[in-house]
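Written below as structure tokens is the structure these notes are about.
Values quoted throughout were computed directly from the atomic coordinates according to the rules given, and no laboratory measurement underlies them. It should be emphasised that the depicted structure is a prediction, and the values quoted were computed from it without experimental measurement. Cβ placement follows ideal geometry from the backbone for every residue including glycine, while neighbour counts extend to all protein chains displayed.
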Protein chains: 2
Amino acid sequence: IAKEVAKLLEMKAQLGGDEGKHKFVLKTPKGTRDYSPKQMAIRERVFNAIITCFKRHGAEVIDTPVFELKETLTGKYGEDSKLIYDLKDQGGELLSLRYDLTVPFARYLAMNKITNIKRYHIAKVYRRDNPAMTRGRYREFYQCDFDIAGQFDPMIPDAECLKIVHEILSDLQLGDFLIKVNDRRILDGMFAVCGVPDSKFRTICSSVDKLDKMPWEEVRSEMVGEKGLSPEAADHIGEYVQLHGGLDLIERLLQDPKLSQNKLAKEGLGDMKLLFEYLTLFGITGKISFDLSLARGLDYYTGVIFEAVLLQQENDHVEEPVSVGSVAGGGRYDGLVGMFDPKGRKVPCVGVSIGIERIFSILEQRVEASEEKIRTTETQVLVASAQKKLLEERLKLISELWDAGIKAEVLYKKNPKLLNQLQYCEDTGIPLVAIVGEQELKDGVVKLRVVATREEVNVRRESLVEEIRMRTSQ
Amino acid sequence: IAKEVAKLLEMKAQLGGDEGKHKFVLKTPKGTRDYSPKQMAIRERVFNAIITCFKRHGAEVIDTPVFELKETLTGKYGEDSKLIYDLKDQGGELLSLRYDLTVPFARYLAMNKITNIKRYHIAKVYRRDNPAMTRGRYREFYQCDFDIAGQFDPMIPDAECLKIVHEILSDLQLGDFLIKVNDRRILDGMFAVCGVPDSKFRTICSSVDKLDKMPWEEVRSEMVGEKGLSPEAADHIGEYVQLHGGLDLIERLLQDPKLSQNKLAKEGLGDMKLLFEYLTLFGITGKISFDLSLARGLDYYTGVIFEAVLLQQENDHVEEPVSVGSVAGGGRYDGLVGMFDPKGRKVPCVGVSIGIERIFSILEQRVEASEEKIRTTETQVLVASAQKKLLEERLKLISELWDAGIKAEVLYKKNPKLLNQLQYCEDTGIPLVAIVGEQELKDGVVKLRVVATREEVNVRRESLVEEIRMRTSQ
């Protein structure tokens, strides 16, 4: 009986184990995704365009760890701090996943006492946000950052950052776009002349930041209701934040009786004028708008801020055009490095971050819609055989090709059918097939077949590498 | 008085704040590091060599999130599970940082019902190990994985994995190396014929795995003392694990009166023989050793396992040659995907992981020792001026160059000295300087200076792009 019970218990345990297996959830964590080979191919195209641009502007590249000491991130992100991922305390240091690449960059500069660098950094960042994945919003997503650190003459690096955004968005052909520009000093000056108390600058600023998602009436009631601003001050702000334009608006505000009396606003407007002069030299003012409603949420900005948005897509191929909003943003943060330096030494910085995930979403949709066939490998030739028992010959030949730097594949079968080998080439886009057979081996040749045209030609074995290179160059 | 007290309290708070600032620890988390532009330049060289090889073998590329559901990693790593980083429970799913790229790959296959793929994946993984950073051991480190999944004829993909390791290590010119090969089935068969009870196979296997770091005597006493193996069984194992060789050894063991009676061992030895035949066709048996002491710690291996080690460096440039040990490893894991599939459907896999961090350490040391100057940017030309008040002209010219795809920089100063501009080129390795001056502007030319030779030539503005391209091509 004991034996039988033991058997039954064992069977039950097994069943339980199987049930456990079935309940196992097979998914990636909320707000994250895998990239398939096809998605990676699109992603690499975009990265290439961006990296090429960063390198064109003379940037070096750095990398930092995916997590930082928790205290490194503390006090840098204002109201967004609640979105930071913390690691479990498993003994040792308290760690958090990076929230952006800017704070790690500032930590890197202070730690290594670097006062002068132009660098890019492409890496994933983490935010416990509510993901809206159809619009390209994830909890794990790439940022592509370009920053210029150092004490320089005003607005020259700032203008270069905007030029970079302009180059990248033009290059990627995402459709029409607009780069909104403002300055934290102009915002702060505006708050001051509107009668916002100093202590409320930051919180009112983050209300203004919501104007791209909410109508003014809602933002106003947040300011007055939740944040206790006087209705007069709010209405006053309301007048300013609807203004946008170019050099003409800057000139007008420089004459504004109230703003022109405010030291910060005057400084900001003066620099904005200089910026627009440089942007005129770069020939890009057509897509730049000085916009007083642009605020940007992050605490660390001190000067120019900017954000690029895509305008309504005119691409007829996309069936359901999605609102994609911001695809790049950045600004000047002259105080951040000083927060890390033991002696508070400042290193002025300005930088831009390209919102790559939204760009992916658009390009992915476009590829889907166009039915463009994207190759996910670069294989030049499949080594095949027409008869059986030629595995060894195939392996010998492919080894020669690999050693000569040819991108080559072979089916992992002892005796594959020729038809299956040709089909594999059709499916994966391999342009050439190198066929070995008894006769070819005797004659010291390989039969080279062009998949697209079905043309076949015998090539002497010693010329094969050269022939493949010639036929697949370009 | 109240006012004075408030003031004093405020001052104290400020002082307290400052003290806090001073105590702030400016570092990266334990076991992690930043990569400087110079290190990144070396890293990109290595990545390029590896990716080129993976693409030569027809691999696609995928990416997965940096964290997985905690349960995805559970029960995959045996004794190493304690080294997994968990995320803090902030509400929502329980997450862990990935420990390797193999388990996420298996999860990806099962989740997407993929039964056939050859892919590579290069990304960071995380282990709460005791870092030995001088030897290239970190808590955050890159893995470069290449895997072949699918039901194929035996040992063909396995042989290709070894060919890939051979190509990469040869390509990187790291010095002499050896690839040790064994098979889990041979190990298990060996344990069985030595009298190890079934239940102790895994734990005895992880003792054997320590043979590359410990002498046999210590491993033996761990087996007998801690793990309760009989001294006779241990001694018996001791005889086998000192064996290593090639086809001859395989043949000898196939005749071994005990091993040849064990089904698993016989299967493993048969496949090992086939593997060596393929490796002979690839011409790489010279650097392959069938080694019965190779065990590898991970639970999921089911067939062939292998590990590449660098042999004593003969490079005289390196002052203190470090023992670098393993630089690549891998094996066959036919059961892992089935652990994720609700119906337990298996997808046989074999793969290799390149231990990039140790390779970096070696190459970094070599660069240090050789005093080779590594450029960290690709800038072709600096746009400079010889006189004052030419900032606008410099910006106009550089904008033209950028738009034509030329990699160009300009100093962010209104009136930089020519000497400083030339010095900047010397420091950063920029080969050309395009100098604008009053006279050149009048004449419609730009003075192009070759930094290395100090040669100067006037180039018509409309030919400048072509001239720069020509002089920097190659």
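Å³ per residue of the Cα convex hull, for the range B:37-370?
151 Å³
For the pair A:M214/A:Q151, report the inter-label distance in nm, with labels modelled 7 Å from Cα in the Cβ direction.
4.2 nm
Relative contact order of chain B: what whole-number percent is it, with Cα pairs under 8 angstrom and at least 6 residues apart?
15 percent
Using alpha carbon centroids, what distance separates the range A:341-397 and the range B:41-67, in Å?
Between the Cα centre of the range A:341-397 and that of the range B:41-67, the gap is 10 Å.
Over 23 Å between Cα atoms: which of A:K70/B:K76; A:K388/B:K346; B:K70/B:K343; A:K263/B:K388; A:K118/B:K417; A:K373/B:K118 fall into that group?
Pairs exceeding 23 Å: A:K70/B:K76; A:K388/B:K346; A:K263/B:K388.
Only counting other Cβ atoms within 10 Å, I'd like A:I84, B:I468, B:I1 sorted with the fewest neighbours first. Mind showing how you got there, number by number?
Values: A:I84 20, B:I468 23, B:I1 5.
Going from sparsest to densest Cβ surroundings: B:I1, A:I84, B:I468.
Using a 10 Å cut-off on Cβ to Cβ distances, tally the other chain neighbours for every residue of A:146-155 and report the average as a whole number. Kindly include the intermediate steps, with their values, before the conclusion.
Values: counts 0, 0, 1, 0, 1, 1, 4, 7, 2, 1.
Averaged over the peptide's residues, the number is 2.
Can you give the mean number of other chain Cβ atoms that lie within 10 Å of the Cβ atoms in peptide B:341-353?
So the per-residue partner count for this stretch is 1.
Report, for A:P257, each distance to the same residue's label point in the other copies, shortest first and in nm; define the point 7 Å along Cα→Cβ.
Relative to the other copies, A:P257 has label-point distances of 11.4 nm.
Round to a whole angstrom and tell me the spacing of the C-alpha centers of the range A:221-270 and the range B:105-175.
About 57 Å separates the Cα centre of the range A:221-270 from the one of the range B:105-175.
Suppose only helical runs count, i.e. DSSP H with n ≥ 4. What mean residue ellipticity at 222 nm does that imply for the protein assembly as shown under -39500 (n - 2.57) per run, divided by all residues and rounded to the nearest 500 deg cm²/dmol?
Using -39500 (n - 2.57) per qualifying helix, the result is -12500 deg cm²/dmol.
Compute for the protein assembly as shown: radius of gyration divided by Kirkwood radius, i.e. Rg/Rh, restricted to C-alpha atoms, rounded to two decimals.
Rounded to two decimals, Rg over Rh is 1.01.
Taking only complete DSSP H runs, can you tell me which helices of chain B stretch 30 Å or more along their own long axis by Cα positions and average at least -1.0 on the Kyte-Doolittle scale?
B:2-23
Which ordering of B:E456, B:E60 is given by a fewest-first count of other beta-carbon atoms within 10 Å?
B:E456, B:E60
Residues with beta-carbon under 12 Å from that of B:I250, excluding B:I250: net charge, scoring Lys, Arg +1 and Asp, Glu -1?
Net local charge, B:I250 excluded: -4.
Give me Rg/Rg_expected for the range B:213-347, where Rg uses Cα atoms only and Rg_expected = 2.2 N^0.38 Å with N residues. Mind showing how you got there, number by number?
Details: Rg = 18.0 Å, N = 135, 2.2 N^0.38 = 14.2 Å.
For the range B:213-347, the normalised Cα radius of gyration comes out at 1.27.
Sort B:M111, A:M339, A:M272 by Cβ crowding within 10 Å, fewest neighbours at the top.
Ascending number of Cβ neighbours within 10 Å: B:M111, A:M339, A:M272.
Can you give the net charge of the other residues whose Cβ lies under 13 Å from the Cβ of A:N182, counting K and R as +1 and D and E as -1?
Summing Lys/Arg as +1 and Asp/Glu as -1 gives -3.
Taking a label point 7 Å out from Cα toward Cβ, give me the nm distances from A:T472 to the same spot in the other copies, shortest first, one decimal.
3.1
Give me the Kirkwood hydrodynamic radius of the range A:381-471 in Å, from all C-alpha pairs, to one decimal place?
By the Kirkwood definition, the hydrodynamic radius is 12.8 Å.
Note down, for the range A:262-409, the three equivalent ellipsoid semi-axes (square root of 5 times each alpha carbon gyration tensor eigenvalue), biggest first, whole angstrom.
52, 25, 14
Average partner chain C-beta neighbours within 10 Å, per residue of A:36-43?
If you average over the peptide's residues, the count of other-chain Cβ atoms is 4.
Between B:K346 and A:E426, what is the label-point separation in nm under the 7 Å Cα-to-beta-carbon projection?
3.3 nm
If you take every residue apart from B:V66 with its C-beta less than 9 Å away from the C-beta of B:V66, what net charge results, scoring Lys and Arg +1 and Asp and Glu -1?
Numbers: positive: A:K124, B:R98, B:K124; negative: A:E140, B:E68.
Spelling it out: positives minus negatives among the neighbours equals +1.
I'd like the per residue volume of the convex hull spanned by the Cα atoms of the range A:168-209, given in cubic angstrom. Mind showing how you got there, number by number?
Working: hull volume 3.9 nm³, N = 42.
Roughly 92 Å³ of hull volume per residue.
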